[in-house]
Protein chains: 2
Amino acid sequence: MNIAEQIVAGDVRATARLLRDIDDQIPSARDILKELYPHTGKAHVVGFTGSPGVGKSTLVDQIALRYRQDGLTVGILAVDPTSPFTGGAILGDRIRMQRHFLDSGVFIRSLATRGHFGGLTRSTNDMINVLDAMGKDMILVETVGVGQDEVEIANSAHTTVLVTVPGMGDEVQAIKAGIMEIGNIFVVNKADREGSRKTVRELRTLIELGLRRRVENGWEPLIVETEALKGRGLEELYSDIQKHREYLRANPQQLNEVLWKRARNQFVEALRDQTLRTILDRLNNRGVSLDALIKMIMNKEADPYSLVHEILNEELR
Amino acid sequence: MNIAEQIVAGDVRATARLLRDIDDQIPSARDILKELYPHTGKAHVVGFTGSPGVGKSTLVDQIALRYRQDGLTVGILAVDPTSPFTGGAILGDRIRMQRHFLDSGVFIRSLATRGHFGGLTRSTNDMINVLDAMGKDMILVETVGVGQDEVEIANSAHTTVLVTVPGMGDEVQAIKAGIMEIGNIFVVNKADREGSRKTVRELRTLIELGLRRRVENGWEPLIVETEALKGRGLEELYSDIQKHREYLRANPQQLNEVLWKRARNQFVEALRDQTLRTILDRLNNRGVSLDALIKMIMNKEADPYSLVHEILNEELR
C-alpha cells in the first residue's frame with residue numbers, strides 16, 4: 001500500500017506523518033493530497049470559535065466523547081495562531097490525547113505554527129481533507145480568534161459554533177453583524193456564572209435583528225448554555241449540531257451553498273499560497289534572495305509595488 | 001499637480017479618493033502608490049489591538065486629540081474584519097469624524113470590506129503608506145481580533161499596543177506567549193472596574209515569564225491602566241508610546257528589525273495578493289472562470305491540488 005492507501009485504510013502513523021509534512025510544507029505532501037481528495041466529502045466538519053479562555057477545548061473534547069458513544073469516529077484540529085513562536089502545540093496535544101488515549105477512534109492534532117508566510121487557512125483545509133479521507137465521521141476544528149480567523153473557519157466548516165461566556169457583555173454588544181451571520185449555533189459556556197441569561201438574551205436580540213436575512217436562509221441560529229466541565233448542556237449542543245446537519249441534508253440549496261463556499265475557499269487559499277511559494281522559490285533559484293529585495297525596499301532603492309510588478313512580468317507568461 | 005503630488009501636498013479629497021480606490025482594488029491605484037513610496041517613512045505607526053468592546057476606538061480618539069495638542073498631525077485607520085458584509089464602516093467614520101470634524105489635522109478611515117479574497121493586510125499596508133506620504137506624523141491603526149490579525153498588525157506597526165479590560169481573567173490567562181511577545185505596551189482599559197489590579201498583576205507575571213527573551217531585545221513591555229472615557233491614564237499611555245519611540249531611535253539595531261519586519265510584510269503581502277489577482281484575471285481572459293473551477297472541485301471532477309498545479313504550470317514561465 002502506498003501512503004495515500006494507508007491513510008484511507010485509517011493508518012494513524014501514516015496520517016500523523018502526512019500532517020507533519022503539511023505543517024512543514026514538504027512539497028511531496030501535495031501529491032498525497034491529490035490522491036486523497038477523491039476520498040473526501042464524507043465527514044461533517046464543525047468549527048468552534050471564540051476568544052481565548054472561553055473553554056473551547058473542553059467543549060470540543062466532551063462533544064468528541066459524545067460522538068464516540070454513537071460509535072462515530074472523530075478528528076480534532078486545534079488551530080491556534082496566537083502561539084506562532086512557541087512549541088506549545090505538541091505539549092497540548094499530549095495532554096489532550098491522555099483524555100482519549102485508549103480510544104483509537106479519536107485523532108487530535110494542533111496547528112500552531114503559521115509557516116513562513118501565513119498559509120494557516122490552507123494548512124487547516126489540507127488537514128481537514130486528510131482526516132476526512134482517513135474516514136473520520138466528524139471533524140471538529142477549534143480556532144482562537146474574534147476577527148478574520150472566525151470568518152475563515154466558517155469557510156472551511158459545514159456547521160459553525162460560536163462560543164462565548166457570561167460577563168463579556170461588552171463583547172457581545174460589540175459583536176458585529178458579520179460575525180453573527182456566520183454562527184449557526186451560539187454557545188454560552190460557563191453558564192453557572194452570573195449574567196448567563198443576560199448574555200443569552202443579548203444574543204437572541206442580535207439574532208432577531210438579523211432575522212430578516214436569516215429567514216431567507218431558512219436557518220435560525222440556536223443558542224445553548226453549557227458548563228463544559230460538568231457536562232451540562234452538552235446533550236443539547238450535540239442535538240443542535242445534529243439539527244443543523246439534518247437541515248443541510250433536507251435543503252439541497254443550502255447544502256450546495258456550504259459546499260460551494262468550502263470548495264472556493266480550498267481552491268483560492270491553495271492557489272494563493274502555492275503561487276507565492278513557487279515564485280519565491282524561483283527567485284531564489286535565479287539568485288534573487290527575498291532578503292536582498294527587502295533590503296532594497298528598506299533602503300528606498302525600490303518600492304514594493306514596482307518590485308512586485310517586475311517580478312510578475314518576469315515570472316508570468 | 002498629479003494625484004500623487006496632491007496627496008503629498010496634503011490634499012484630503014485626493015487622499016480619500018485613493019483610499020477608496022485601494023479598497024475597491026482599482027488597478028490604477030498601484031501607480032500612485034509607486035509614486036508615493038519615496039515619500040513614506042516619516043510617520044510613526046502605532047497599532048492598537050484587542051477584543052471587541054474593550055474600548056479601542058475611544059482610546060485611539062483620545063490619543064489622537066493628545067497628539068493634536070502637540071501640533072502633530074494624525075491618521076487613523078480602523079480595520080474591522082468582523083463586519084465583512086455590512087456597510088457599517090462608513091457610518092462609523094461619520095460618527096467619529098464629528099469628534100474631530102473641525103480639525104483638518106486628523107484623517108480617519110475605516111476598512112471593513114475584505115475584498116474578494118482577503119487582502120486586508122495588504123490594503124492596510126497600502127493605506128498606511130498613503131497617510132505616511134500625505135505627511136501625517138502619527139498613524140494609529142486599530143484592529144479587532146485576538147488571533148492572526150494581532151500578529152499581522154504587529155508586522156505593520158512600529159509600536160504595538162494590546163488593549164484588554166478587567167474581568168477577562170480567563171482571557172489574560174489564555175493569552176499565549178506569541179501574543180505577549182508582540183505587545184510593546186499593554187493597556188488595561190475601563191480600569192475603574194473590579195479586578196483591574198488583578199489583571200495588571202497577571203499581565204506582569206506573563207511578561208516576567210517571557211522576560212528572558214525580552215532582555216535580549218532590551219525592551220520590557222509597559223503596562224498602563226486607563227479609563228478612556230474619562231481621560232484617566234491617557235497621559236501615561238501617551239508617554240509610554242513616546243518612550244517606545246525613543247527606545248527605537250536610540251537602538252539602531254532594534255529599529256532596523258522593526259523596519260525589516262515592516263518592509264518584508266509589505267512586500268510579501270503585496271506579492272501574494274497581486275499574484276493571485278493577476279492569475280485569476282488571466283484565467284478569466286482565457287475564458288476559464290473561477291466559478292467553473294469551483295464547480296469542478298465540488299463535483300469531484302478535479303481536486304484543488306491538481307488544478308493549482310496545472311494553473312501554475314500554464315501561467316508561470
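Bear in mind these aren't lab numbers, they're just calculated from the coordinates by the rules spelled out. All values derive from a computational prediction rather than experimental measurement. Cβ atoms come from the backbone with ideal geometry, glycine included; neighbour counts cover every protein chain shown.
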| Neighbour-count order for B:261, B:136, A:230, fewest beta carbons within 10 angstrom listed first | A:230, B:261, B:136
| query | Taking R0 as 35 Å, what's the FRET efficiency between residue B:1 and residue B:310 from their Cβ-Cβ distance, rounded to 0.05? | reply | 0.15
| In the range A:1-58, which trypsin sites (Lys or Arg not before Pro) are in a loop and have at most 11 other Cβ atoms within 10 Å, using DSSP for the loop call? | A:42
| field | Ascending list, in nanometres, of distances separating the residue B:235 label from those of the other copies (7 Å, Cα toward Cβ) | value | 6.1
| field | Exposure proxy order (Cβ contacts within 10 Å, fewest to most) of A:12, A:163 | value | A:12, A:163
| task | Can you put A:247, B:305 in order of Cβ neighbours within 10 angstrom, beginning with the fewest? | result | A:247, B:305
| query | What GluC sites (Glu not before Pro) in the range B:225-317 are in a loop by DSSP, with at most 14 other Cβ atoms within 10 Å of the Cβ? | reply | B:301
| task | Mind checking the full-extension length gain between residue A:192 and residue A:9? Use 0.36 nm per residue of separation minus the Cα-Cα distance, one decimal, nm. | result | 61.5 nm
| Teacher prompt: residue A:13 distances to equivalent labels in other copies, 7 Å Cα→Cβ, nm | 7.3
| field | residue A:104 versus residue B:284: modelled label distance in nm, points set 7 Å from Cα along the beta carbon direction | value | 5.1
| field | For residue B:285, label point 7 Å along C-beta direction: distances to other copies, nm | value | 2.4
| field | Among the listed pairs B:136/B:261; A:190/B:190; B:34/B:300, those beyond 32 Å (Cα-Cα) | value | B:34/B:300
